[in-house]
Amino acid sequence: MAPENSKSVTAIYPGSFDPVTNGHLDLIARAAVIFDRLVVAVARNYDKSPLFPVQERVEMLEAVTFDWKNVEVDVFEGLLMDYARARGARVILRGIRAVSDYEYELQMAMMNRKIEPQIETVFMLPGEAYSYLSSRLVKELAQFGALPKGLVPAIVEERLRTKVG
């Protein structure tokens with residue numbers, strides 16, 4: 001298949017982002033250089049009980065991604081491939097920190113390919129400084145009042161301290 005260099009490439013970076021971490025921002029920064037447009041898509045999942053409501057997660061993401069002009073924040077629910085098709089995306093971006101992430105993400109990527117063969121999944125590794133970082137771990141540390149500096153953007157740290165305070 002011949003490359004289509006004239007097409008712009010939109011990538012979707014889906015996740016709960018509850019809350020957004022510096023690991024997420026590391027991937028966003030690097031992906032913003034690679035793709036013409038990056039949509040950071042906050043998943044609305046009614047089965048989970050997030051710490052932050054969707055609108056607050058969107059506000060935090062918009063604040064910390066403001067400087068990247070080709071990055072937008074959106075909300076989606078339902079099947080990711082339906083959302084990606086509707087947005088004209090050609091790529092799904094997923095971060096992988098460990099082997100356990102890879103096994104799950106590989107299974108999802110293969111199923112997504114079965115559903116929509118025209119959309120590729122691209123895996124990115126976080127920077128070494130963030131290879132252990134997860135939103136779940138950040139929330140647990142914040143609840144114990146033990147959140148070290150540098151794991152989340154300042155606005156997120158402030159909201160975490162207020163929320164679990």
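The values are calculated or read from the model by the stated rules, or taken from the named source; none is laboratory data. Only a predicted model underlies this, so the values are computations on that prediction, with no experimental measurement involved. Here the Cβ is made from the backbone with ideal geometry for all residues, glycine too, and neighbour counts use every protein chain on show.
Determine whether Glu62 is charged (D, E, K, R), at pLDDT below 95, assigned to a helix (DSSP H, G or I) and loosely packed, with under 15 Cβ neighbours inside 10 Å. When the stated conditions are applied, Glu62 does not pass them. In the range 22-33, the residues that are closer than 12 Å to Val64 by Cβ reach residues that are of a type outside the set (Val, Ile, Thr) and part of a helix (DSSP H, G or I) with C-beta atoms within less than 7 angstrom, at least six apart or across chains, in these pairs: Asn22/Tyr130; Asp26/Tyr130. Return yes when Thr162 is part of a helix (DSSP H, G or I) and among the polar types (S, T, N, Q) and no when it is not. When the stated conditions are applied, Thr162 passes them. When restricted to residues that are loosely packed, with under 15 Cβ neighbours inside 10 Å and of a type in the set (Lys, Arg), the range 37-59 contains 1.
Condition check ((1) surrounded by 15 or more Cβ atoms within 10 Å (Cβ to Cβ); (2) touching a residue at least 60 places away in the same chain (Cβ under 8 Å)) across all residues:
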position: Asp74; (1), (2): no, no
position: Leu80; (1), (2): yes, yes
position: Ala84; (1), (2): yes, yes
position: Ala89; (1), (2): yes, yes
position: Ala109; (1), (2): yes, no
position: Gln118; (1), (2): no, no
position: Val138; (1), (2): yes, yes
position: Pro153; (1), (2): yes, yes
